[in-house]
Amino acid sequence: EFALEETDQLGGAQGVDQVGGEKVFVVGKRPRLDLSGDLVDDELFYGLMLPSGNDAARALASAAGGLQSTVRAMNAEADELGAQDTLAVNPTGLDAPGQVTSAFDLAIFARAGLANRDFRRYVSTMSTAFPAQKPKRNKQRDTYMIYNQNPLLLKSYHGVLGVKTGYT
């Protein structure tokens, strides 16, 4: 499990979220992680892969040893897979100076990911219940639905296995 905590609000935003002392709040799509409770890795991976949750990417990176360590591991994996056009500088895939990849390298990553059973499950899931804000008293935690954003999967094209489309 990943223990996620919320710090004080910053500049009118919903808060600066932290895991292990590192900020995980980012702009863009996110599954609205409730950082007042615990989320398990499975929930974070669904939050990452279905709505393209940038906050889930940062939370997973922080929990895996930190943002810089994760980026180094991502680049090492890219090298090992032969993805010669890729250099990651953040774990979200959001545009940043120096961050590059190619369609060819993305196909390499997709092929490698699809060899993993858990990855296949995440990217082919149409929707799932996601933990809502942790209740204040001894009430059961509610959930809300998060949805896959892949239009090829959503249109039920025969043979589509999933994997992400879009910007990140």
| For the range 113-129, 3J(HN,Hα) per residue [Karplus equation, 6.51 cos²θ - 1.76 cosθ + 1.60, θ = phi - 60°, Hz, x = Gly/Pro] | x, 5, 6, 9, 4, 5, 4, 4, 5, 4, 6, 9, 6, 7, 7, 7, 6
| remark: Taking placed amide H atoms and a strict 5 Å upper bound, the residues 5 or more places from Thr128 or on another chain that come that close are Ile146
| field | Global geometry of the range 46-107, whether rounded, prolate or oblate, following the gyration tensor of its Cα atoms and the 1.5 cut on a/c | value | prolate
| message | What are the ³J(HN,Hα) couplings of the range 55-60, residue after residue, when phi is run through the Karplus curve with 6.51, -1.76, 1.60 and θ = phi - 60°? Round to Hz, x for glycine and proline. | response | 5, 5, 4, 5, 5, 4
| request: Taking H placed 1.01 Å from N in the peptide plane, check which residues at least 5 places from Leu39 or on another chain put their amide H under 5 Å from its amide H. | output: Phe2, Leu4
| remark: Taking only the Cα positions of the range 67-168, the convex hull volume per residue in Å³ is 149
| task | Hey, can you find the accessible area per residue of the range 86-168 for me, probe 1.4 Å, expressed in square angstrom? | result | 71
| message | Students often check this: by mean Cβ neighbours within 10 Å, which of 59-66, 126-133, 153-160 ranks highest, and how do the rest follow? | response | 59-66, 126-133, 153-160
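The values are calculated or read from the model by the stated rules, or taken from the named source; none is laboratory data. This one's a predicted model, so the numbers in the text were calculated from it and none came from an experiment. Positions of Cβ are generated from backbone atoms using ideal geometry, with glycine treated the same way; all protein chains shown enter the neighbour counts. Just so you know, the surface numbers come from the protein's heavy atoms only, side chains and all, with ligands and any DNA or RNA stripped out. Shrake-Rupley method; radii C 1.70, N 1.55, O 1.52, S 1.80 Å.
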